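Data block below; observations after.
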Amino acid sequence: MTIYNPSTLPKNDNLNRFSYVIDVKEQIFIRKGKMIAFYGELRFEAMGSSVLDLIVRTAFNAPKYVHHFVVANGQGQLILGDNGNDLACYDLDNANMTIRAKNLLGFTKDVVCQESTLPGYLTMIGTGKVIASSNGPVHFLELPCRVDEQAVLGWADCPSPSYHYDYAHVQGWASAAGALTGFTLSGEEKQIDFTGAGTVLVQSSELDTVGSSTLSHLLSQLPLLGQDDLNKLSASAQQQMKENRQS
């Protein structure tokens with residue numbers, strides 16, 4: 001058994017595949033709830049405090065996610081973890097990388113964070129470090145390629161992707177509901193299409209489908225729907241129940 005202390009912890013490297021150690025010497029953005037331990041004199045300050053206003057205005061341009069992060073100040077060694085998921089650090093050198101928002105755990109203050117045009121993703125621009133988690137090891141694919149939506153962790157140095165639908169596979173009420181809500185049953189029905197130059201980051205397994213029910217995924221999409229979509233979904237559900245009773 002290895003017992004760590006400040007002198008034996010790695011610096012800006014993985015402690016193991018499930019945790020990462022940041023050698024904090026200046027401000028760094030950290031996702032709330034992902035700090036598992038630290039050594040040294042560190043303070044964690046919420047966004048919007050007067051001391052941090054300039055840093056936030058410069059580096060954080062994603063207002064939808066402003067309450068998901070804090071700023072770590074001071075000097076020390078900070079250990080991050082994410083529910084047993086794999087962790088990795090990506091070094092940007094005047095580059096851009098887009099990461100699934102819920103997997104972004106931290107980034108240095110010289111990296112600008114912006115909302116991607118694809119909902120649920122954040123685009124990181126500049127030079128610095130980006131720490132992210134993944135459901136299993138990450139694989140890097142060259143373009144062009146198509147990837148299961150739930151397996152995509154992010155992409156780097158390539159245009160914003162688009163959705164590709166295989167309508168021959170879309171059948172039944174659940175698939176019709178998916179067309180309304182953006183929910184998909186599998187990568188055979190809907191994929192993300194990457195073209196041009198760049199790299200796609202792919203997780204080893206689907207992020208949101210393992211151990212979750214179809215209903216829970218569908219319910220999670222309801223707040224995103226407008227009144228017309230909700231009416232269509234309700235009508236479709238009533239028609240399906242009527243057909244089930246008659247069968």
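Quick one: length gained pulling residue 11 to residue 199 fully straight, 0.36 nm per residue minus the C-alpha distance? Present the calculation step by step, with values, prior to reporting the outcome.
Details: separation 188, 0.36 × 188 = 67.68 nm, distance 2.71 nm.
Here the segment from residue 11 to residue 199 would lengthen by 65.0 nm.
Please list, by residue number, every one of the trypsin sites (Lys or Arg not before Pro) in the range 1-32 that is coil in DSSP and has at most 16 other beta-carbon atoms within 10 Å. Intermediate values should be presented prior to the final figure.
Values: sites: 11, 17, 25, 31, 32; in loops: 11, 17, 25, 32.
Listed in order of number, the matching sites are 11, 17, 25, 32.
Run the simple label-point estimate for residue 239 and residue 163 please: 7 Å along Cα→C-beta, distance reported in nm.
1.9
If you line up the Cα atoms of the range 73-153 on their principal axes, what length do they span on each, largest first, in Å?
43, 30, 22
Mind listing P(r) for the range 1-152? All alpha-carbon pairs, 5 Å bins, whole percents.
Pair shares across the bins are 2, 9, 19, 22, 22, 14, 8, 4, 2, 0.
For 26, 149, 41, give the ranking by accessible area with the largest first, probe 1.4 Å. Kindly include the intermediate steps, with their values, before the conclusion.
Values: 26 90, 149 30, 41 145 Å².
Result, largest first: 41, 26, 149.
Roughly how much of residue 58 is accessible, in Å² to the nearest 10, using a 1.4 Å probe?
Only protein atoms counted, so the area is about 80 Å².
In the structure displayed, which of 11/109; 32/190; 32/109; 32/64; 34/64 lie more than 21 Å apart, Cα to Cα? Please list the in-between numbers first.
Working: 11/109 18 Å; 32/190 32 Å; 32/109 16 Å; 32/64 14 Å; 34/64 19 Å.
The pairs that break the limit, which is 21 Å between Cα atoms, are 32/190.
May I ask you to derive the FRET efficiency for residue 232 and residue 32 from their Cβ-Cβ distance with R0 = 30 Å, giving the value to the nearest 0.05?
Numbers: r = 36 Å, r/R0 = 1.20.
Efficiency at R0 = 30 Å is approximately 0.25.
The values are calculated or read from the model by the stated rules, or taken from the named source; none is laboratory data. Just so it is clear, the model here is predicted, and its values are computed rather than measured. Note that each Cβ is placed from the backbone with ideal geometry, even for glycine, and that neighbours are counted across all protein chains shown. Ligands, DNA and RNA are excluded from the accessible area calculation, which covers all protein heavy atoms including side chains. Shrake-Rupley method; radii C 1.70, N 1.55, O 1.52, S 1.80 Å.
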